[in-house]
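FYI, it's all coordinate maths here, none of it is from the lab. Note that this is a predicted model, so its numbers are computed, not measured. Don't worry about glycine lacking a Cβ; one is built from the backbone with ideal geometry, like all the others, and counts go over all protein chains shown.
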Amino acid sequence: MENSVTCVASPYPSIQLILSRSQRLIFSIALDAASGARSHRGTPGDQRYDLLTARAWLELAAQAERGLVDFITIGDSHRVMPAPPGGSENVVDQWAARLDAIMIACRIAPVTRSVGIVPMASTALTEPFLLSVQIATLDYITRGRGGWELDVCTVPGDGVGAGSRPAPSPEALHREAADHVEVVRRLWDSWDDDAEIRDAATNRFIDRERIHHVDFDGATFSVKGPSITPRPPQGQPIIVAAVNSNATEALALATADVVILTAADERELGDRVTAMRAAASEADRPAENIRILADVDVAFGPDHRRVLRDTGHGTATSALLLTGPPSAAADRLVGWAQTGVDGFRLRPVAIPGDLSVIVGPLSAELQRRGVLRDAYDQTTLRGMLGLSHPPSRYATA
Amino acid sequence: VTAPPAKQIHLAAHFPGVNNTTVWSDPQAGSHIDFASFERLARTAERARFDFLFLAEGLRMREHAGRLHELDVAGRPDGLAVLAGLASVTDRLGLMATITTTYHEPYELARQLASLDHLSGGRAGWNLVTSSDPFTGANFRRGPYLPYEKRYERAEQFIAAANAMWDSWAAPDDGPGATTGRPRCDDHRDLSAINGCRRPGAFAFSGTQVQIAGEFTVPGPPQGHPVMFQAGDSDAGREFAARHADGIFSRHGQLDDGLRFYADVKRRLAGYGRRPEDLVIMPGATFVIGDTDAEALELAAEVRRRQVSGPHATMFIEQLWNRDLSAYDPDGPLPDIDPDVDSDARAEGSAQARTLQREAIETAARWRRRAEVGNLSIRELVIEMTARQSFVGSPETIAATLNAYVQADACDGFILIPHITPGGLDRFADEVVPRLQERGVFRSEYEASTLREHLGLSCSAERAICPI
């Protein structure tokens with residue numbers, strides 16, 4: 001630990017936190033669950049990266065941990081899209097197939113030791129009760145490294161959503177997403193941390209006074225609770241929201257621990273971070289419990305222009321782009337951090353090529369600049385992000 | 001003349017449940033929620049070459065008289081999430097979770113099960129149950145919506161929808177799984193071709209309970225369809241199992257009862273063009289092992305006393321009496337007042353309670369007579385009345401009895417329910433399994449890699465072809 005006073009009760013705990021955080025940045029790696037040619041680029045027939053197998057995901061998770069990043073996100077989508085060219089003739093390579101992100105997260109969880117794992121799941125498709133229990137379970141399997149990336153807008157087909165309803169409007173989706181997240185958070189709090197008492201004297205396994213109905217009654221649904229799963233190790237697993245519209249921004253500010261911005265260049269990034277901080281403060285979110293990251297597409301390969309074109313980069317929603325030798329790339333990240341952003345989610349455009357540069361040379365350059373840890377020194381994702389263990393909103397003690 | 005080869009026994013390990021079978025007060029009892037406990041039981045089951053690990057499901061905390069039930073183990077993680085984790089720490093063991101088709105949605109469930117099947121190399125299974133109680137529905141967006149008599153209608157359509165998704169990457173001529181008659185798109189880069197051909201993953205199902213259409217991103221699971229067990233016991237449930245299920249988690253663990261159930265269900269298979277070996281029947285079974293039969297009997301009595309504490313006994317008879325009986329000493333005689341049959345059920349979420357109420361007054365009278373004859377206290381009566389362990393004895397006795405049941409066609413194997421988490425299967429694995437192996441009725445090494453193969457099932461009831 002760089003800070004030698006962490007065990008001493010300081011009268012200024014938040015200042016100490018800010019000082020230590022000002023040096024390090026938060027880093028995340030976005031892994032996308034889609035199979036297809038993209039995953040084989042540069043290494044034709046390399047079965048290590050067949051994303052429909054556990055083996056590929058174990059390899060990717062191991063690489064992310066080698067890179068000492070705070071967390072990985074596992075993307076998801078409910079469309080079957082054509083894969084970029086370059087794959088085999090096999091139908092699974094021609095079309096971007098993918099597995100469920102939560103199942104992937106739980107599959108890799110027992111063999112990782114330190115990295116946070118944040119799968120994407122849709123608020124429109126999932127039952128809040130089941131989703132809360134699955135993410136809590138991920139948090140148990142990882143012993144406190146679990147999270148959830150919100151997907152608000154997915155409506156793949158009529159009736160595929162929870163409750164077999166017709167697809168709602170985008171406005172309704174956002175309203176319902178807010179209710180969904182509220183229910184999930186309440187359910188995570190519905191057991192006090194010490195609800196399991198195993199009291200032999202009274203034959204009681206739990207203390208019912210420490211377990212609470214959540215009694216959510218919203219515009220479109222209600223949930224009684226409590227959860228069937230005791231409070232997860234982090235109390236509240238980390239909720240991540242990537243912001244791609246005003247509606248998502250409002251939702252993210254209201255509910256997320258980690259908000260991920262998209263900005264095309266440094267100036268836009270600065271503007272957006274400033275605006276986001278102001279909005280957060282207006283929304284009663286103090287700076288010490290929200291983290292703002294920016295998405296960065298990472299393309300180190302010599303053919304990165306063609307890769308980016310194939311993968312849709314250069315559209316209106318494009319993110320910061322990181323190319324060039326790792327030392328220059330590290331300088332650019334440190335420069336972008338001057339905007340006040342807390343860190344970056346790195347999206348390797350090609351796997352394994354760009355990913356291995358991120359977790360190898362780029363990580364080393366970032367460590368040299370003092371913005372990336374030299375070793376994992378926290379056991380939970382909240383700990384890595386500098387977020388405290390929140391008390392349950394229902395706890396009586 | 002050589003004797004026909006002995007039937008092979010199938011064994012599964014049930015993670016100890018959220019009920020009073022599980023003894024949490026034992027010094028050996030560990031966490032019921034930490035992943036390490038699940039890993040420990042799974043590793044023991046795999047070391048013993050079991051067919052699969054089995055997880056139960058409960059989607060609402062049990063309540064008694066409007067308050068949370070405190071006496072038993074409570075709280076559990078999500079079944080499929082735990083199984084995905086267990087796929088990382090096991091290689092061959094099948095992984096089965098109980099799922100209600102009433103409160104899960106077909107798309108999410110089919111996608112997660114198919115994903116688990118890929119991520120475990122073909123070891124995924126599910127135990128389909130149905131429910132209709134509004135008590136559980138209060139935790140879900142849809143709320144209580146399904147009348148009791150419609151629960152199998154929804155289950156049927158749930159399965160049909162799941163099958164359409166699991167088969168949605170199959171070529172049109174692959175058999176019954178194909179979702180439309182249109183040819184599959186070959187040139188995927190021409191998006192205008194969407195209307196002229198079927199993209200992989202496109203699916204649609206429309207019924208009275210389930211109407212869905214969309215794209216399924218998961219290509220055909222390694223097992224074709226994950227193995228499906230079923231647990232319903234009504235006539236409709238048995239018919240449903242005979243038509244759709246690969247196996248039954250049965251409650252008929254006694255010999256006579258098991259023989260009748262086995263014959264009844266296997267007879268029904270022919271009506272759906274299925275052979276007797278296309279469905280395995282595995283009752284849940286508890287066990288207590290001692291060095292000798294006498295020691296096992298003593299241990300079993302002690303386990304029963306731990307399972308039925310004084311407060312447990314009071315709660316149990318409150319379910320029948322439907323009254324607050326906390327004023328009665330559990331070590332004293334039964335209440336002399338009659339059950340209240342007019343108010344709502346005291347024990348929400350308990351099927352046992354609902355059954356009990358139907359004939360409450362006659363039952364109470366019968367219990368009182370029995371207590372008087374045997375001079376039993378409330379607690380002693382409850383210990384005698386409620387299920388005792390299925391198999392009690394030395395390792396040799398238990399191995400011989402299990403084998404006798406299977407060879408007599410009372411079942412095809414057992415889903416074993418230890419009463420201690422997570423070490424409760426250790427002695428069975430170390431001392432009973434070798435005796436079954438010596439008899440040549442249980443595998444010494446895994447011969448296959450998928451759950452479907454472990455169970456000797458060639459392909460699913462729904463699919464004419466097998467993918468492997």
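Taking a spot 7 Å from the Cα of A:Thr274 along the direction of its beta carbon, which residues of region A:335-367 have an amide N less than 19 Å from it? Counting backbone N atoms under 19 Å from the label point, the list is A:335-343.
Please compute the net charge surrounding B:Gln307, taking Lys and Arg as +1 and Asp and Glu as -1 over other residues with Cβ under 12 Å from its Cβ.
+2
Note on B:54-66: average number of Cβ atoms from other chains within 10 Å of each residue's Cβ is 2. Candidates A:Thr274, A:Ala254, A:Val298 compared by Cα position along the dipole of region A:197-301: farthest toward the positive end lies A:Ala254, with charges placed on Cβ. Here the residues B:Lys266, B:Lys150, ranked from fewest to most Cβ neighbours within 10 Å of their Cβ, fall in the order B:Lys150, B:Lys266. Working ranking of peptides A:319-325, B:107-113, A:231-237, A:369-375 by packing, defined as the average number of other Cβ atoms within 10 Å per residue, highest first, is B:107-113, A:231-237, A:319-325, A:369-375. Among B:11-17, B:61-67, A:173-179, sorting by the average number of other beta carbon atoms lying within 10 angstrom of each residue, highest first, gives B:11-17, A:173-179, B:61-67. A helix-only calculation puts chain B at -10500 deg cm²/dmol for mean residue ellipticity at 222 nm, using -39500 (n - 2.57) for each DSSP H run of at least four residues, averaged over all residues. Amide hydrogen proximity for B:Ser250: with H placed 1.01 Å from N in the peptide plane, the residues at 5 or more positions away or on another chain lying under 5 Å are B:Met282, B:Gly284.
Shape class for region B:24-143, computed from the alpha carbon gyration tensor (a ≥ b ≥ c): oblate, with a/c not under 1.5 and a/b at or below b/c.
For A:Arg79 and B:Ser206, the FRET efficiency from 1/(1 + (r/R0)^6), where r spans their Cβ atoms and R0 equals 25 Å, is about 0.75. Inter-chain Cβ neighbour count for A:106-115, averaged per residue, equals 5 (cutoff 10 Å, partner chain atoms only). Projecting the Cα atoms of B:Gly258, B:Ser115, B:Ala170 onto the charge dipole of chain B (Cβ charges, centred on the Cα centre) puts B:Ala170 farthest toward the positive pole.
Over chain B, what is the relative contact order in whole percent, taking alpha-carbon pairs under 8 Å and six or more residues apart?
Numbers: 874 pairs, mean separation 112.3, N = 468.
So the answer I get is 24 percent.
Panel order for A:Cys153, B:Cys411, by other beta carbons found within 10 Å of each beta carbon, from fewest to most: A:Cys153, B:Cys411. Round to a whole angstrom and tell me the spacing of the C-alpha centers of region B:1-51 and region A:236-272. Their Cα centres are 46 Å away from one another.
Normalised by the number of residues in region B:1-132, the mean separation of alpha-carbon contacts (under 8 Å, six or more apart) gives a relative contact order of 25 percent.
Over the C-alpha atoms of chain B, the Rg to Rh ratio, Rh being the Kirkwood estimate, stands at 0.99. Close amide H pairs (under 5 Å, H built 1.01 Å from N) link A:Glu149 with A:Met120, A:Ala121, A:Val240, residues at least 5 positions away or on another chain. With contacts taken as Cα pairs under 8 Å at a separation of at least 6 residues, region B:369-468 carries a relative contact order of 17 percent. Panel order for A:Ser169, A:Ser318, B:Ser206, by other beta carbons found within 10 Å of each beta carbon, from fewest to most: A:Ser169, B:Ser206, A:Ser318.
Sorting B:302-309, A:193-200 by average packing, meaning the other beta carbons within 10 Å per residue, from highest down gives B:302-309, A:193-200.
Oblate is the label for region B:272-328, because the ratio a/c of its alpha-carbon gyration tensor axes (a ≥ b ≥ c) is 1.5 or higher and a/b is not greater than b/c.
Partner shielding of B:31-39 amounts to 4, given as the average count of beta-carbon atoms from other chains within 10 Å of each residue beta-carbon.
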